[in-house]
1. Please list, or write none, the aspartates and glutamates whose alpha carbon is within less than 13 Å of the alpha carbon of residue A:392, excluding same-chain residues fewer than 8 places away.
2. With a cap of 11 neighbouring Cβ atoms within 10 Å, and only residues DSSP puts in a loop, list the trypsin sites (Lys or Arg not before Pro) found in region A:230-267.
3. Please list 3J(HN,Hα) in residue order for region A:388-401, calculated via the Karplus relation 6.51 cos²θ - 1.76 cosθ + 1.60 where θ = phi - 60°; whole Hz, with x for glycine and proline.
4. Whose amide H sits under 5 Å from the amide H of residue B:44, counting only residues 5 or more places off or on another chain, with H placed in the peptide plane?
5. Specify the inter-centroid distance of region A:335-397 and region B:102-165, based on alpha-carbon positions, in whole Å.
6. What is the spin-label model distance, in nm, from residue B:244 to residue A:430 if the labels are put 7 Å beyond Cα along the C-beta direction?
7. Solvent-accessible area of residue B:51, probe 1.4 Å, all protein chains present, reported in Å² to the nearest ten, please.
8. Within 10 Å of each Cβ in B:92-104, how many Cβ atoms from other chains are there, averaged over the peptide?
Amino acid sequence: MLRSLAHHRGGAVASGLVAFIGTVLVTTMAGLLGTGLADTTIGDDKSFLTQFPIILGGWVVAIVLFAMVSTVGVALAGRVEEIAGLRLVGATPRQVQARFAGETLTVAAIAAVPGLAAGMLMGGFVLDRMDAAGLTEPGTVYAPGIVLPVIAAVLVLAVSVVAAWIGSRTLANRSPVADPEPAAPTGRGRNRPRRIAAALLLVAGLGSSSAVLGMDADDILTTAMTGPAVVLVAVGLCALAPELLLLANRLARSGSNASAHVARINVTVVPRRTRPLVTFLVLFVGVSAGTLSMQGVENGHAAPGGDAQLLAAINYLVVVLLGAFMAIALTNNLMASIAQRRAEFATMSLVGSTHAQTLRMLLREVGTGIAASVVAGTLGAMACVVPFAVAKTGSPAAAFAPLPYALAIVAGAAIALVVATLAGRRVIRTA
Amino acid sequence: MSHPSHAAAPPVVRVRDLRVRYEGEAGPVDALRGIDLDVPRGSFTAIMGPSGSGKTTLLHSAAGLQTPTSGMVELGGADLSTLDATRLTKLRRRRVGFVFQAFHLLAALTARQNVELPLRLDGKRADPRRTQALLDRVGLGARGEHRPHQLSGGQKQRVAVARALITDPEVVFADEPTGALDIRSARDVLGLLRALADGGQTIIMVTHDPVAASFSDQVLFLADGVIVDHLRRPSAPEVASRMATLVESAERAANTVEIV
Ligand SMILES: Nc1ncnc2c1ncn2[C@@H]1O[C@H](COP(=O)(O)OP(=O)(O)OP(=O)(O)O)[C@@H](O)[C@H]1O
Ligand SMILES: [Mg+2]
C-alpha cells in the first residue's frame, strides 16, 4: 500500500495536509474541552470552556468531513485508469472502495501524530490568549488531559475513512470500460439528492438566521444562531457548485478568441474540472465574509463588555482557523485538478495552441469559477447577516458594510488566481 | 539571387543529416542516424519500416513537434531551428496538418469543434459549410455533434484527418492514419488523401500496410534510423516483398546482437 502511495504522492500529500490541519483544529477544541471539564477549572469558565469547544468542534468536524470527501474525490479522479484496471481484473466496487479507504487511513494516521501534538500546543496557546484578554479567570490553567485529544484525533481518522468511502463511491461503481473522462454530464437523476440536500441546508441556514429577528439585541442567541447559519448556507451553496458554474458561464461575455471559446465549452461540458475550486472558494468567501461582517455589526453596536469581547475573539479565531483550513484545501485541490489535465494540455499544444493560449483558457475557466463563488458566497453571507443587523441595530444597513466582503473576496480570488497561474504554467510547459 | 524559371519548384520539406538520440536510463537510443530528404510539393510519400525504426520520430521532427539532436529541417523555406516555441507553434498550425497515431482529440469538444479548433487558435473564423464539407468527405457528415467518446476508433481517426485538413496546410503528416480503420473506411481515407495529392496537396504518411503505401507516389523504407531503400510508383505486392526482406534482415541483425 505504501508503494502505491508513493506513486500518487500529490493526492496523498493533499489528503495528508487536510487530515493534519483537521486534526490540529479538532484536537485544539478537545484540549479546551478537557480544560473545561477539569476539576482545577474555576466556576464560570467550566460552562464556557465546555460549550464553546463542543459547538465549534462540531462545525470543524463537519467541515473536515466535507473537505476530505472533496479532496479524496479529486485525488481519485487522477487515478481512473488504475481503478478501471482493478475492476477489469475482477475487483468489486466494494474492494476498490476498501482499498482507497485503507490508503486514506494510512495517510491520515501518519498525519494524525504531528496533528495531535500541534493541536495540544495550540489549545494551550488559545487558552493563554483568552486569559490575556481577560476572557477566562486567571486561576484557570490548561489541562487538556490525554483522553479527549486522542479521541479527537481518532475521530478525524474515522472521518477520513468515511470520506474516502463516500469520495470513491462513484468512480468505483462505474463501468471499467467507460470513458476515463466522461465529457457529458451523465445520469441526470443523480443530481436530485444533491439538490435536495442543498435546499435543506439553505432552508435550515436561512431559517436559523431569520429566527434572530424576533430576539432582543443583547441576547447571546443572536450570535449563536447566526454563526452556524453562515456555515450552513455556505455549505448549501457549495453543493450547488455545478449549477452556479453553468449560470456564471451563461452570463459570461462570450469571447470570440479560441481560449475563451474552449474554456466556455469546458465549463459547460466538464464542470467537474472547476468544481473543487468553486466548492472551497464559496466556503472560504461565505464563512469568512459572513463571520467578519457579523463581527463588524457587533463591534459597532454592542456595549463593550466581557461577553461581547469574548464572542468577538471567538469569531475572529473561527475566521482565521477555518480560513486557513479552506485556503489550504483550495490550494491542494486546485493544484491536483490542474495536474490531472496534463494530457489535455499536451493535446492542445499538438493541435497548435501556444502555451500562452492554453494558460489563458485555464485562467478563463478559473475566472468563471471565481466569479460564481464570490457572488454566491457574498450573497449567502449577506442573507444571513441582514436579520442579525436588524436585530442588533434595527436596520439592515450594517450588514452591507463593504470591508468584510472585500477582504474575503480579495483574499480568496488572489489565492485561486496565483495558484492557478503558477500550477497551470508549470503543467502546461511540461505537458 | 536569381530564380531560374526552368528549375524544379523547391521542396516543401527539406531535411539534412537529421539525427535524433534519446537519452534513456538503459543507455542512449539513436532513433534517427542521418536522414536526408526532399519532399516535392504536391507529392504523396509513404514511409515504411519495422516497428521501432524511427518513423514516428522522423515525422515529429519534420513537422516541428520535436527538436532533433542535430541536423536541419526546413518547412516551406523556414528553418525550424531558428524559431522559438511560440513561433514554431504558429507555423505548425498554419502550414502543417498532423494526423496522430493516437488521435489526440479533446474530450469536451464535439467532432465539429475539434475539427475547427486549429483555425480558431489561429484567430480565424471557421466557415461552417467548409467544416461540413470536410466532415462529409471523411464520411462523418451526420456525426458532427458527437463527442469523441461517442465515436468508434476509426471515426475518431477520421475526425483527426478532417482536423488536419481544415487549415489548408502546405503539408499533411499522417502517422498510420488507417491503422484503426476497417478495409472500407481505410480505402475511403486513402482515396481522399490520393485525391488531395492530385489536387496539389503534399502528404507524408507512415504506414505498415503495403496496400496503403500503394496509394502513394513513392515509398521510403526506414530501418534502424536510416533510409535504406525507396520505390517509385509502388504496387502493393512489390512493397510487401521489400518489407519482408527488410524485416528479415532486421530480425537477423537483432539475433546477431543477442548472440554476441
Ligand atoms: N521518448 C523516447 N525515449 C526513448 N526512446 C524512444 C522515445 N521515443 C522513441 N524511442 C525509441 O526510438 C526508436 C524509434 O521510435 P519510433 O517511435 O520513432 O518508432 P516507429 O518506427 O514509429 O515504431 P512503430 O512502428 O512501432 O510506431 C525506438 O527504438 C524507440 O524505442
Ligand atoms: Mg510510430
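The values are calculated or read from the model by the stated rules, or taken from the named source; none is laboratory data. Quick caveat: nothing in here was measured; it's all calculated off a predicted structure. Ideal geometry is used to build each Cβ from the backbone, glycine not excepted, and the neighbour counts take in all protein chains shown. Only protein heavy atoms, including side chains, enter the accessible area calculation; ligands, DNA and RNA are left aside. Shrake-Rupley method; radii C 1.70, N 1.55, O 1.52, S 1.80 Å.
1. Hits, sequence-local ones excluded: A:216, A:218, A:219, A:298.
2. Counting only loop positions with at most 11 other Cβ atoms within 10 Å, the trypsin sites (Lys or Arg not before Pro) in region A:230-267 are A:253.
3. After applying 6.51 cos²θ - 1.76 cosθ + 1.60, I find 4, 5, 4, 5, 7, 10, x, 9, x, 3, 5, 6, 9, 4 Hz.
4. The answer is B:203, B:217, B:218.
5. 30
6. Each label point lies 7 Å from its Cα, and together they span 4.9 nm.
7. 110
8. For peptide B:92-104, the averaged partner shielding equals 2.
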